[in-house]
């Protein structure tokens with residue numbers, strides 16, 4: 001799907017019921033409790049938001065119907081003592097008291113982490129909330145787009161690398177793979193489904209968010 005078709009279609013689709021577990025299922029490791037990403041008592045969970053940001057290819061690369069290629073940006077987090085250290089994700093973070101809502105959280109964090117200003121982004125909706133057990137966070141994946149490709153500038157304290165990808169790459173079944181990963185919490189290796197994101201392993205909660213996006217865009 002090219003960028004113009006995406007921004008015409010996705011805002012309306014996000015207003016309809018979301019697939020949630022139906023879309024998540026292929027990306028949940030078989031050995032995991034299937035309720036891992038659902039938390040019915042969220043009274044003690046930290047609120048957070050991330051931004052799934054679409055934008056057009058700067059090179060105006062043509063798709064089959066002549067439109068501009070739709071791209072999506074991820075980040076690799078810096079290696080530190082934080083629970084999600086070194087992982088691939090969307091820009092985002094915790095809700096702050098100064099944020100008016102979780103959409104504002106996603107916009108603020110995107111500005112802080114990759115230097116895309118809020119006025120460059122049109123927010124079009126959100127995906128299903130996901131409970132992330134290791135950080136006890138209830139995360140709202142916000143969806144937005146920039147009309148032109150931003151000049152990304154990573155915040156070196158939080159972002160080790162910016163990873164840009166064509167939507168077509170994520171939609172290619174060959175890039176949905178499985179491998180054994182060691183989990184220290186279980187002291188064992190488990191089989192994990194992941195997206196091969198140009199050599200990076202995209203798995204866990206962000207893979208579920210990505211799977212729901214791709215489900216909506218089928």
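Mean separation of Cα pairs under 8 Å and 6+ residues apart, divided by the residue count of segment 92-148: what relative contact order is that in percent?
For segment 92-148, the relative contact order is 27 percent.
Please state the equivalent ellipsoid semi-axes for the chain: what are the square roots of 5 times the Cα gyration tensor eigenvalues, largest first, in whole Å?
25, 21, 18
Sort 3, 152 by Cβ crowding within 10 Å, fewest neighbours at the top.
152, 3
For segment 168-210, what percent of Cα pairs sit more than 13 Å apart?
Counting every Cα pair in segment 168-210, those more than 13 Å apart make up 55 percent.
Could you work out the helix-only [θ] at 222 nm for the chain, with each DSSP H run of four or more residues adding -39,500 (n - 2.57) and the total divided by the number of residues, to the nearest 500 deg cm²/dmol?
One gets -6000 deg cm²/dmol as the mean residue ellipticity at 222 nm.
So what's segment 105-156 giving for Rg/Rh, alpha carbon basis, Kirkwood Rh from the mean inverse pair distance?
My calculation of the ratio gives 1.02.
Where Rh is the Kirkwood radius over the Cα pairs of segment 95-197, the temperature 4 °C and the viscosity 1.567 mPa s, what D in µm²/s does Stokes-Einstein return?
79 µm²/s
Listed highest first by mean packing, meaning other Cβ atoms within 10 Å per residue, what order do 191-197, 210-216, 48-54, 118-124 come in?
48-54, 210-216, 191-197, 118-124
Between residue 188 and residue 172, what is 0.36 nm times their sequence separation minus the Cα-Cα distance? Round to one decimal in nm.
Taking 0.36 nm per residue and subtracting the Cα distance, the gain is 2.8 nm.
A short reminder: the numbers here are calculations on the coordinates, not readings from a lab. Just so we're clear, the structure is a prediction, and the values are computed from it rather than from any experiment. Every residue, glycine among them, receives a Cβ derived from its backbone with ideal geometry; neighbour counts consider all protein chains shown.
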